[in-house]
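Working notes for the structure below.
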Amino acid sequence: MERIYLDYAATTPTHPEVVKAMQPYFYDKFGNASSLYSFGQEAKAALEESRQKVADFIGAKPEEIVFTSGGSESNNTALKGVAFALRGKGNRIITSVVEHHAVGEPGKFLAKEGFEIITLPVDSNGLVDPDAVRKALNDKTILVSIMHANNEIGTIQPITEMGRICREKGVLFHTDAVQAVGHLPTMVSELTVDLLSASGHKFYGPKGVGFLYIRRGTKIKPLIQGGDQERRFRAGTENTAGIVGLAKAVEIAAVEMEEEGKKLTQLRDALIKGILKAVPDSRLNGHPAQRLPNNVNISFAYVEGESMLLNLDLEGIAVSTGSACTSSSLEPSSVLLAIGLPAESAHGSIRFTLGKWTTQAHVDRVLDIFPKIVAKLRAMSPLYPGDK
Ligand SMILES: *Cc1c(COP(=O)(O)O)cnc(C)c1O
């Protein structure tokens, strides 16, 4: 049985070309980029070449890119780094209810440290209202952090609009662009952001490496202190192989992103249409149009997400019931609750996320198997009133 992976939002396979680019940096070119002899200089050169590629990809300068261990570290650095750098100026930080835990949890931490965290609501499509951002700004506001695209429901926020409001008021604006970088255009000048987080393994790069864009002149404290690496923004011997892999992933995205987006949008829409048609009492979550090209999130009445997930797994199809981080807990997804779903519907939701190696045949197979799974599970449910 061919296994079908439809959880690209959780992580992507590492592109074979990325693996190939990384390979020399484990043994032949293993030097420490801080060493002065040639082994080190070789690593240093690879590092700086990678930094240039990443910078070009988002329209930044190389010195504005700090390599990190991934999206979580980038988000933590952005929030805590700005909070501690600007605590003399103010204590209000504005964010939203649909942020990833890697923004939400540092937010809770900062609240205990005396910062005032304003968590903006979203509408039923998962959108934050830019006007709500404007109204929440006061003279104590030091940072606004709103994600670019949501990992669960795929909704794309009006980042540029919010960025302009913040820039106009002189307030720093951070976006968690982990689901967007490598998939959507993410030029920082267009987005009007001061800080932007990205992660390699969400766009065919390796796990454990990412970057934080820090606009020149932005005041920020480092999270990790030690050596002088990354211009003292992030201590620790650089993950040369990982960073070279990340840069390769960026290079591939620069070439393939646009076409891939078109292909995925078609497959996505075929999957959405097919499921909504074949399964009664189902509804799409997230914005119908302002949505990631690869995201399908649907709620099914009278069935449990976990039961659907496990039955699909028996057929070799991998999906998610929410975000990977929350799927092992029994709490309904906070994102689905935030868009107004009752807890039962949130529990009966499945996220399919498509990617580079998804084909029409995969979509057809899901459309063949999945409606039968739902029908079978509903037939066993005491809550199910029967097909109308
Ligand atoms: C995956 C993800 C993260 C965390 O990135 P890691 O590299 O896994 O730490 C943060 N934000 C969003 C939106 C994500 O999808």
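The values are calculated or read from the model by the stated rules, or taken from the named source; none is laboratory data. Quantities reported herein were computed from a predicted structural model and do not represent experimental measurements. Cβ placement follows ideal geometry from the backbone for every residue including glycine, while neighbour counts extend to all protein chains displayed. Protein only, heavy atoms only, side chains kept; ligands, DNA and RNA dropped before computing areas. Shrake-Rupley method; radii C 1.70, N 1.55, O 1.52, S 1.80 Å.
Does region 59-73 include one or more residues that are outside the structural domain of residue 332 (by TED's automatic domain parsing), free of Cβ contacts under 8 Å to residues at least 24 places away in the same chain and assigned to a loop (DSSP other than H, G, I, E, B)? Among the residues of region 59-73, not one is outside the structural domain of residue 332 (by TED's automatic domain parsing), free of Cβ contacts under 8 Å to residues at least 24 places away in the same chain and assigned to a loop (DSSP other than H, G, I, E, B), which makes the answer no.
Would you mind stating whether residue 176 is of a type in the set (Asp, Glu) and more than 13 Å from the ligand (Cβ to nearest atom)? Judged against the criteria, residue 176 is not a match. For first residues located in region 191-219 and within 21 Å of residue 258 (Cα to Cα), partners that are within 11 Å of the ligand (Cβ to nearest atom) and at pLDDT below 95 and lie 6+ apart or on another chain with Cβ distances below 7 Å do not occur. Where strands (runs of 3 or more DSSP E) sit wholly within region 253-360, those with at least 3 residues that are away from the ligand (no atom under 16 Å from the Cβ) and modelled with pLDDT of 95 or more occupy 282-284, 295-300.
For residues that are more than 16 Å from the ligand (Cβ to nearest atom) and farther than 12 Å from residue 117 by Cα, scanning just region 82-99, find the one that is surrounded by the most Cβ atoms within 10 Å (Cβ to Cβ). Once the filter is applied, the top-ranked residue is 82. State whether one or more residues within region 60-70 are open to solvent by 40 Å² or more (accessible area, probe 1.4 Å) and under 28 Å from residue 169 (Cβ atoms). Yes, that holds for at least one residue. Restricting region 15-36 to residues that are open to solvent by 50 Å² or more (accessible area, probe 1.4 Å) and of a type in the set (Ser, Thr, Tyr) leaves a set whose member that is farthest from residue 354 (Cα to Cα) is 34.
Screening the candidates 277, 356 for the property of being of a type in the set (D, E, K, R) and closer than 24 Å to residue 181 by Cα yields one hit, 356.
Taken over region 100-112, the criterion of being touching a Gly at 6+ places or on another chain (Cβ under 9 Å) and open to solvent by less than 20 Å² (accessible area, probe 1.4 Å) is satisfied by 102 alone. Considering the conditions (1) over 17 Å from residue 72 (Cα atoms); (2) of a type in the set (A, V, I, L, M); (3) under 14 Å from the mean Cα position of the chain (by Cα), residue 191 is excluded by exactly one of them, (3). So is residue 210 within 16 Å of the ligand (Cβ to nearest atom) and in contact with a helix residue (DSSP H, G or I) (Cβ under 6 Å, 6 or more places away or on another chain) or not? Yes; evaluated as a whole, the condition is true for this residue.
As a summary of the residue check, residue 43 satisfies the conditions (1) open to solvent by less than 10 Å² (accessible area, probe 1.4 Å); (2) in contact with a strand residue (DSSP E or B) (Cβ under 9 Å, 6 or more places away or on another chain) except for the one numbered (2). Applying the criterion of being of a type in the set (S, T, N, Q) and closer than 24 Å to residue 110 by Cα to the residues of region 145-156, the residue that is nearest to the ligand (Cβ to nearest atom) is 151.
Screening 83, 33 for residues that are closer than 25 Å to residue 249 by Cα and out of contact with any strand residue (DSSP E or B) (no Cβ under 6 Å at 6 or more places or on another chain) leaves exactly one candidate, 33.
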